[in-house]
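Have a look at the structure below, then the notes.
Read-outs throughout are calculated quantities, based only on the coordinates presented, and are distinct from any laboratory measurement. Bear in mind the structure is a predicted one, so any value in this text is a computation, not a measurement. FYI the Cβ positions are ideal-geometry reconstructions off the backbone, even for glycines, and counts take in every protein chain you see.
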Amino acid sequence: MKKLPLTLLVSLSLLGSLFAQNRPNILWITSEDNASHWMGCYGNTDARTPRIDALAEKGHLFSAAFSNAPVCAVARSTILTGVYAPTQGTQHMRSRHRIPKNFRPHTSYLQELGYYCTNASKTDYNFEGNDKAVWDECSPKAHYKNRAEGQPFFSIFNLTVSHESSLFPQKVKANRANGIIPETTRLDPANIAVPPCLPDLPEIRSDFAIYHDVLTALDTQVGQILDELAAAGLAENTIVFYYGDHGGPTPRGKRYIEDTGVRIPMIVHVPEKWRAYTPFKTGEKVSEPVAFIDLAPTLLSLAGLDKPQHMQGRAFLGPKRMTPPQNDVVFLHADRFDELYGMRRGITDGRWKYMRRFTPYLAAAPYSYYQFSMPGWAAMEAAWKNGQLSGYHKALWETPQAVDYLFDTQADPWEVHNLADAPAHAERLALMSARLKAKMSEIKDTGIIPEPMFADLAGKSTIYDFARSPNFDYPKTIDLAWIATNKDTQEIPSLLDALDSKDPVQRYWGAQGLLILGDQAKAQIPALEKVMKEDSNAANRITAAHALYLLGKEELAAAQLVSELEKSANDYVVQLVINTLTRIEATGAVPSAWIEATLNRKQSNEYLNRFAKRLKAGRED
């Protein structure tokens, strides 16, 4: 940080002393990749998390707390701005798209009040800009103790010990060598209760046992932060949050909008001095739904501020608290994670959950290749390839997937029994589907616009602005997204009409609808060939080629995809091409020259580089 003039430092000190009398300090402790079901205070009898459990006993445990997205950078973009990632266009992992200038970070409002804001030290906010610049101090050593005397603080300590990579063999070895986890797991893997959403494999049992040791290490780190706060004499003036950034790390956790991926631990301790800021009792288990969209408004409320108009959540604590609306639901979303595309949306009230898959021609595993360094994930994939999986576990890896999913998470907490086709739940399904569609319309979910189109459509503005512009018919387009995913041959005329639209996004959903119909769209091959050859937008040509390949036009479609690969300068277009070639098992058509050129790029793209490495390794085996 730059040194401030002495007069300004004195002014800040006086201002801080004044504010400290009237506003609380706020401390956030976050952990990576651990859903609530891993924690002792959330009912896991295998867990050993005494410090977190003790915090819950003297604080509030939120039993229906959710990350709106099941991956880190996407989730943090919502936390920082108080705006849904799909509203901003930040729903794709590490995309760095531009967002509106008035979507200020929550820290900026606190800094205007004189708060000292520190972050140790995770950033990765998923939109254009300098992440560290939003903090007074942002580094592994950033700390509230560096503030001016008497100045109130907002500080985050991001604990990474529980990240999914903690189950990668090299990391396990290092953590054992460093004494972070024991050489032998506390729990015998043979005695682990494997949840029904996962196959009972030795590697998964081992990963579970190791991760419990990791969470005990995490618990120790949480305790150290709390002890430091108490030793500094600040505990009675500091509101403490502990929460996980999303679910994970074992299979069907992180990157899934099932509860294993999005239902997080969230515990808040409000000291006696600030008791008026909470309606909840000490030790209370709070059942009202809360989510990351609510964190920024709640943070501002605790500082005495109204939420800005553009923020979409509600304050659940503080003088500006808003009670949840009747029948409140949490909005969930998933799009491109790392190099793999796919679009899912969902809503939950804490018990009933509805999910809709907008790309049902893609399997439900994997959503990223990064995770295959984990023994459990690798073993599950190998078991599938070797024909050793059955039922639910086998279906995750295969296509087509269902479009609609309805779960009663009270009766079926692991979400393996889809009730969408049950006549007894037809009314609930229809109501929740309509409600999801209404929520997406309300927030202008930019997920209905393919990411490869973002740059062209947004121009010098933002995709947020484009979605609200008079040039884009949002209601008609979201209707088309629903029609395209209904798998109804009676909707083919509507899909063909969409192919003739002047709007490239509407043409996209027309092509998507035919792709989703598969063999039922065989009579529409001429229409798809026209799109593939003549459409002005690459995403539409690629989608049509995908459909044509599956309809038997393999050579024609593969040639088109390779052409798109070689001529596009848009990395998101290239990622979509590689995704498509991978899904149709035609990566053999990728020229070796493209692989080498990608690996030798001066400005490397992390995900294209990973694709190229996989392709090269496969050819060398």
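Across region 452-560, how large is the tail of the calculated P(r) beyond 21 Å, expressed as a percent of all Cα pairs? Everything past 21 Å amounts to 34 percent.
Based on alpha-carbon centroids, what's the gap between region 551-620 and region 173-223 in Å, whole number please? Region 551-620 and region 173-223 have Cα centres separated by 37 Å. The charge dipole of the chain, taken about its Cα centre with unit charges on the Cβ atoms of Lys, Arg (+1), Asp and Glu (-1) only, comes to about 1320 debye. The HN-Hα couplings worked out from phi for region 41-49 by the Karplus form 6.51 cos²θ - 1.76 cosθ + 1.60 (θ = phi - 60°) are 5, 9, x, 7, 6, 7, 6, 10, 10 Hz, whole numbers, x standing for Gly and Pro.
Computed from the Cβ-Cβ distance with R0 of 45 Å, the FRET efficiency linking Glu228 to Asn191 stands at 0.80.
Take the Cα of Asp421, go 7 Å toward its beta carbon, and the backbone nitrogen atoms of region 341-368 under 19 Å from that spot belong to 354-365.
Nearest 0.05, what FRET efficiency do Lys460 and Arg351 give at R0 = 35 Å with Cβ-Cβ as r? Computed FRET efficiency for Lys460 and Arg351 comes out at 0.20. Helices that extend 27 Å or more along their long axis by alpha-carbon positions and average at least 0.0 on the Kyte-Doolittle scale are, among the DSSP H runs of the chain, 202-231.
Modelled spin-label separation between Asp306 and Lys502, with each label point placed 7 Å from Cα along the Cα-to-Cβ direction: 4.1 nm. The HN-Hα couplings worked out from phi for region 85-93 by the Karplus form 6.51 cos²θ - 1.76 cosθ + 1.60 (θ = phi - 60°) are 3, x, 5, 7, x, 10, 7, 9, 4 Hz, whole numbers, x standing for Gly and Pro.
Computed extension length for Thr399-Thr489: 30.5 nm, one decimal, from 0.36 nm per residue of separation with the Cα-Cα distance subtracted. Measuring between their Cα centroids, region 69-97 and region 508-532 lie 32 Å from each other. Working note: Cα gyration tensor of region 6-334, eigenvalues times five, square-rooted, sorted largest first, giving semi-axes of 32, 22, 20 Å. Amide H contacts of Phe154 (H built 1.01 Å from N, in plane; Pro and chain starts excluded): Ile26, Tyr116, Cys117, Thr118 sit under 5 Å, all sequence-distant by 5 or more or on other chains. A Förster radius of 51 Å, combined with the Cβ-Cβ distance separating Lys141 from Leu431, puts the computed FRET efficiency at roughly 0.50.
By the beta-carbon count within 10 Å of each Cβ, the least crowded to most crowded order of Val590, Val134, fewest first, is Val134, Val590. Ranking Pro297, Phe407, Ser36 by Cα position along the charge dipole of the chain, where only Lys, Arg, Asp and Glu carry charges on their C-beta atoms, puts Pro297 farthest toward the positive end.
Annotation: extensible slack from Lys602 through Lys101 equals 177.3 nm (criterion: 0.36 nm per residue apart, minus Cα-Cα distance). Taking the centroid of alpha carbons for each part, region 428-471 and region 240-316 are 25 Å apart.
For the pair Lys281 and Ser390 in one chain, pulling the backbone fully straight at 0.36 nm per residue adds 34.6 nm over the alpha carbon distance.
The percentage of C-alpha pairs in the chain whose separation is greater than 44 Å is 20%. Taking every DSSP helix (H) stretch of at least 4 residues in the chain, weighting each as -39,500 (n - 2.57) and dividing the sum by the residue count yields a mean residue ellipticity at 222 nm of -12000 deg cm²/dmol. Under the criterion of Cα pairs below 8 Å and six or more residues apart, the relative contact order for region 344-428 equals 36 percent. Here region 249-311 is assigned +1 on the Cβ of each Lys and Arg and -1 on the Cβ of each Asp and Glu. Its dipole about the Cα centre then comes out at about 200 debye. Peptide packing: for 203-210, 450-457, the average count of neighbouring Cβ atoms within 10 Å per residue gives the ranking 203-210, 450-457, highest mean first.
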